[in-house]
1. So, with a 1.4 angstrom probe, what is the percent of accessible area on region 7-71 that is carbon and sulfur?
2. Which value, in Å², gives the accessible area per residue of region 1-59 when a 1.4 Å probe is used on the protein heavy atoms?
3. Once every Cα of region 85-163 carries one equal point scatterer and solvent is ignored, give the base-10 log of I(q)/I(0) from the Debye formula at q = 0.19 Å⁻¹, two decimals.
4. What number, in percent, do you get for the relative contact order of region 89-139 if the mean sequence gap of Cα pairs under 8 Å and at least 6 apart is divided by its residue count?
5. Leaving out same-chain residues fewer than 8 places away, which aspartates and glutamates sit with a Cα under 18 Å from that of LYS76?
6. Using 0.36 nm per residue of separation minus the Cα-Cα distance, give me the extension gain between ARG41 and ASP142 in nm, one decimal.
7. Looking at the square roots a ≥ b ≥ c of the eigenvalues of the Cα gyration tensor of region 1-140, which shape do they give, rounded for a/c under 1.5, prolate if a/b is larger than b/c, or oblate?
Amino acid sequence: MEKITLTGVQETMLQTVFARAQESTKQDGKIVDRKAEEIIRGLDYDFTLAQGDKTMSSGVIARTIVLDRLVVNYLKKNPTAVVINLACGLDTRCYRLGCYGRWYNLDLPDVVALRKKLLPEDGVISQISASAMDESWTDSIDADGKPVLVIIEGLTMYLSEAGVRKIFEIISAHFPKSTVFVETMSPFFVKNIKEKSIEGSHAKFTWELKAARRWRRCSRISSFRESTASSRAWRL
């Protein structure tokens, strides 16, 4: 069993992988995520708060459904695409979905160190240890003229406007013809919804939907799709 010592925003990735694993084990679950189940079985961590947080788990599954379908539809049209998953945490989308050229999972050094223990990756799946706001990570991407898809899930709501702007500027400068799928959080949710499991990690929501839209308009990114975690996703 791997004992977990992460705190703050990085700790929230444990809540999200737990939510996916729980949903996957249900007989009528909306998603199947065997890798998430495998990860949870290998962790020494108290998931009590996550287990009782229905708001958090519903939001995680809703955004998973939405983004999975967006990514699948994109890859059907661009099967050789290079996918860059920023602030990946313990995301397992690269295992659930196929038909891509290369897949890069990027996160901070301590997160990637844990990921390497739990999910050894090689071949078409690579791991990059860096901050999404550190432009040097782009040197590790081998796009070679192929379509580029950037996924930003569970990140922007924890950053300042300047931080999100920096990420968009990096993507726009190095991958000007890329497509970006980004999860955003509505101002209402930021101000009014309290997730027990997130409070337990001492992470705080700060980012809002309107600012993300402003940077979409200012960028040279060719395509931008946003997903807000919502109960409506269950009906897609």
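The values are calculated or read from the model by the stated rules, or taken from the named source; none is laboratory data. Predicted model only: the values in this text are computed from it and were never measured. The accessibility values were calculated without ligands, DNA or RNA, using every heavy atom of the protein model including side chains. Shrake-Rupley method; radii C 1.70, N 1.55, O 1.52, S 1.80 Å.
1. On the way: 1350 of 2900 Å².
So the carbon and sulfur contribution to the accessible surface is 47 percent.
2. Numbers: 3160 Å² over 59 residues.
Per-residue accessible area for region 1-59 comes out at 54 Å².
3. These q points yield log10 I(q)/I(0) values of -0.85.
4. Working: 46 pairs, mean separation 20.3, N = 51.
Taking the mean separation of contacting Cα pairs over the length of region 89-139, I get 40 percent.
5. Output for LYS76: ASP68.
6. On the way: separation 101, 0.36 × 101 = 36.36 nm, distance 3.37 nm.
In short, 33.0 nm is gained.
7. On the way: a/c = 1.79, a/b = 1.18, b/c = 1.51.
Oblate shape, in that a/c is at least 1.5 and b/c is the bigger or equal ratio.
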